[in-house]
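**Student:** Here's a structure for you.
Derivation of every value follows stated rules applied to the coordinates shown; laboratory data play no part. Everything quoted here is computed from the prediction, not taken from an experiment.
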Amino acid sequence: MTRSLAVVFACCAALAMPVMFLVSCSDDDGDEHAGGHDDDHGDGGDDHDKQDVGPPSGAKCPTNSTLTYGNFGEAFCKDYCLRCHSENVKGAQRMNAPPDHNFDTLAEIDLLSRHIDQMAAAGDSHVNETMPLSIPKPSLDERKKLGEWIACGLKE
Ligand code: HEC
């Protein structure tokens, strides 16, 4: 019973495959002419479609937070991110880090802070560990601090 169903399904899937391929091909064509390509890193990147980023950490800003760029953020980025995400790192050494994702200054970090949280910070909802791609990696405590620093508005 289940077995024959499976056979029927496999059979249909095999038949449907080339048809789907043809349909998606002509679809693509139409899309391109309609100019329907994602405007990835357009302005501010607020909703770009490259869904590699994780969920927001959900980190909160405690009223007594003391984290600043000076006593935390700068060193965190230097230790864990700048070896790929720096203006001064070129070519193969970037390990494919996007050319417009550099964290050399507070202003640049600020601009991309939402994604930084989603890639590397820990909070009440999630521990995001996608970045950095290689060791050395921050401890859980450091990831929590990153989340807190961002949630508190990246104090200088
Ligand atoms: C070993 C190299 C390397 C290190 C170190 C590294 N990254 Fe990345 N990063 C990449 C690469 C490659 C990509 C692009 C691929 C991707 O998006 O998954 C990327 C992409 C990103 C993005 C863009 C995601 C998007 O789609 O908008 C963010 C944000 C990011 N990294 C944050 C960080 C942070 C924060 C750190 C430090 C904690 C860090 N990265 C450390 C290599 C690195």
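**Student:** Report the per residue volume, in Å³, of the convex hull enclosing the C-alpha atoms of segment 69-151. Write down the numbers at each step before the final one.
**Tutor:** Numbers: hull volume 7.0 nm³, N = 83.
Normalising the Cα hull of segment 69-151 by residue number yields 85 Å³.
**Student:** Using Cα-Cα distances under 8 Å and only pairs 6 or more residues apart, what relative contact order does segment 69-151 have, in percent?
**Tutor:** Details: 88 pairs, mean separation 21.6, N = 83.
The normalised contact order for segment 69-151 reaches 26 percent.
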